[in-house]
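The structure under discussion appears below in the form of structure tokens.
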Amino acid sequence: MKPIWGAVAFGTLLTAALPALADVKAGVDAWQQGDYAKAIAEWRPLANAGDPDAQFNLGQAYKLGRGVPADLNSAVDWYRKATAQGHARAEDNLGLLMFQQGDRAGAMPYLQHAAARGETRAQYIVGTALFNGDMVGKDWVRAYAMMTRASASGLPQATTSLQQMDKYIPADQRKQGLALASSMEAQEKSLASASLTLPATATQPRPASPAPAPAKQVPAPATQVAVAKPQPVAPKPAPEAAKPAPSKPAPPKPAPSRMPAPAAGGDWRVQLGAFGDEGRARALWSQLTRKVSGLSGYQPYLVKAGSVTRLQAGPIASSADASRLCSSIKAAGADCMPKKN
């Protein structure tokens with residue numbers, strides 16, 4: 001596993017920035033009150049002067065389109081500047097956003113660092129890459145460990161992928177993966193504990209998991225202000241078949257024979273229904289992913305509109321792709337409507 005950036009360097013960096021923290025906090029306060037323009041005005045000169053917290057916050061603002069027009073390229077630029085100074089949460093967001101924009105190879109080093117720190121979505125993506133040997137060397141022990149950690153954090157796609165891995169990864173490698181996952185968990189807790197000693201200006205929640213919210217969320221360092229939207233995460237992997245023992249007849253090969261690479265983002269979704277009870281929306285998603293081939297590769301969205309919960313799936317790259325997915329869903333006897341975000 002690659003070495004992780006330690007909390008000492010991060011703490012030193014924030015200490016060096018302490019003279020500017022009052023203004024960063026002024027931006028945080030404005031942001032929390034909904035005055036995004038004022039927050040941007042506080043952060044921009046600090047970001048231009050090299051303050052990593054202000055740079056990260058500007059990245060969040062451009063990503064969400066609050067106080068500035070939404071601009072993912074600008075978000076990447078600001079995340080990259082903060083990452084270069086050791087800002088861990090900026091690196092988490094940089095890797096995920098680069099991956100969603102299609103720069104998977106460029107994103108992988110950042111995602112590996114994020115996964116080592118315990119970022120659930122990064123663990124899922126890196127686990128998939130390690131299983132397939134895509135962009136990184138194939139390593140089923142580490143793949144199983146990463147997917148175990150992501151599943152333990154409450155990511156349902158990871159749980160499903162882990163169940164599939166159980167069918168193909170040999171028992172001895174699964175055992176090694178579980179031992180590695182325990183070691184990773186201890187390391188994540190150690191890093192989280194160290195981060196509590198860093199200077200703080202306010203408290204903000206860590207961005208939520210892309211899937212339905214897990215049972216518990218970890219607080220992030222104070223100056224990491226903007227809470228990111230739930231981000232689309234990789235489709236569930238379908239693992240590579242293990243070779244049959246020579247003494248037994250070869251069983252039919254499963255299809256597909258490798259994990260699909262996690263998908264990049266898109267502007268389209270499909271809407272599958274609207275419900276007064278959120279539980280019915282979740283139940284429908286569970287039913288349809290069993291009936292409709294390929295649907296499980298998309299992220300479910302539970303969109304609240306008053307007392308109604310709309311069930312949507314995405315992100316989807318184009319109108320044509322959304323229409324094709326709807327055709328498959330309708331063939332299974334369910335309603336479906338393409339929808340552009």
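Out of curiosity, is Ser296 at pLDDT 55 or above and under 29 Å from Met146 (Cα atoms)?
yes
What is the number of the single condition among (1) in contact with a Cys (Cβ under 7 Å, 6 or more places away or on another chain); (2) surrounded by 15 or more Cβ atoms within 10 Å (Cβ to Cβ); (3) without any contact (Cβ under 8 Å) to a residue 12 or more places away in the chain that Lys330 does not meet?
(2)
Which of the following residues is more than 30 Å from Arg282 (Cα to Cα), assigned to a helix (DSSP H, G or I) and not assigned by TED's automatic domain parsing to the domain that holds Ala317: Lys189, Lys167?
Checking each option against the conditions leaves just Lys189.
Identify the residue in the stretch 134-154 that is in contact with a helix residue (DSSP H, G or I) (Cβ under 6 Å, 6 or more places away or on another chain) and modelled with pLDDT under 90 and, among all such residues, is surrounded by the most Cβ atoms within 10 Å (Cβ to Cβ).
Selected residue: Ser153.
If I go through the stretch 132-159 residue by residue, how many of them are closer than 21 Å to Gln299 by Cα and among the aromatic types (Phe, Trp, Tyr)?
Total meeting the criteria: 0.
Would you check if there is a residue in the stretch 92-102 being surrounded by fewer than 24 Cβ atoms within 10 Å (Cβ to Cβ) and either in contact with a helix residue (DSSP H, G or I) (Cβ under 6 Å, 6 or more places away or on another chain) or among the hydrophobic types (A, V, I, L, M, F, W, C) (or both)?
yes
Among the numbered conditions (1) surrounded by 15 or more Cβ atoms within 10 Å (Cβ to Cβ); (2) within 12 Å of Val270 (Cβ to Cβ), tell me where Asp335 comes up short.
(1)
Among the residues of the stretch 266-280, is there at least one that is modelled with pLDDT under 80, closer than 27 Å to Val126 by Cβ and crowded, with 16+ Cβ neighbours inside 10 Å?
yes
Here's the yes/no breakdown for (1) among the aromatic types (Phe, Trp, Tyr); (2) farther than 21 Å from Pro315 by Cβ:
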| site | (1), (2) |
| --- | --- |
| Gln101 | no, no |
| Gly106 | no, no |
| Arg121 | no, no |
| Ile125 | no, no |
| Gly137 | no, yes |
| Tyr144 | yes, yes |
| Ala171 | no, yes |
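Of these, Phe56, Phe131, which one is crowded, with 22+ Cβ neighbours inside 10 Å, over 20 Å from Glu188 (Cβ atoms) and at pLDDT below 95?
Answer to the check: Phe131.
The values are calculated or read from the model by the stated rules, or taken from the named source; none is laboratory data. Just so it is clear, the structure is predicted and the values come from calculations on it, not from any experiment. For neighbour counting, all protein chains shown are included, and Cβ atoms are generated from backbone atoms with ideal geometry for every residue, glycine included.
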